[in-house]
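K.L.:
Attaching a single structure in structure tokens format; questions to follow.
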């Protein structure tokens, strides 16, 4: 009973927030489509009774278990299972096709397959690493990512099935995907750190876990980053020597 009452309180707060958004949109002459708006309750509770319905412009919003935002799939429990699965489902078929269009002596050249993996597939995998980096700390995730990299290494080298993955990675100078994702998350953390936004990311609750688990002593070093400063005040005078230029009327008719 208490859970239902709390859910209703959350629903009332969310509805008030939606009403504020609607008023602002009307004031600014904007329109928000209810058909493109969904509600995702981020909770580990199975019973979400009382959280809905929520309305926008008088139309009931759909409640979903996951939503895709800026290329990252956010599920209701934030365990990143759906996001990881979509990454795997997208990367594995790509290299399965690559394996069938190239061989040891025919098809795409190895450097082209290497470029395809490092410049197209890998960036799509590590996208949004700052958000879901904790998923790669799990052993099952590391195993799944290793399969993708192994397929890429075999496609590039044309190696036999028994070739160790580590040996191919060393030969191709490729870092394990889980380490690449952690490094990308670390660099994403370092960027706001050097520009002091926030002033101390270690003190921010959302960034504290990544700082503890992915941090490195080099992140405490000073950076050569320079903040751009604009000076709009006029600090100079323009003096024209009319005696040198002659009659100003002839120069500027």
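None of the figures in this text is laboratory data; all of them are computed from the coordinates on show. Since we're looking at a predicted model, the values are computed, not measured.
K.L.:
Relative contact order, percent, of segment 74-183 when contacts are C-alpha pairs under 8 Å separated by at least 6 residues? Could the numbers behind the result be given before it?
P.N.:
Values: 74 pairs, mean separation 34.2, N = 110.
So the answer I get is 31 percent.
K.L.:
Could you give me the percent of Cα pairs per 5 Å distance bin for segment 10-84, shortest bin first, beginning at zero and ending with the bin that holds the maximum distance?
P.N.:
3, 14, 22, 22, 18, 13, 5, 2, 0
K.L.:
Considering the convex hull of the alpha carbon atoms of segment 45-91, report its projected area averaged over all viewing directions, in nm², one decimal.
P.N.:
Average of the hull's projected areas for segment 45-91 equals 4.5 nm².
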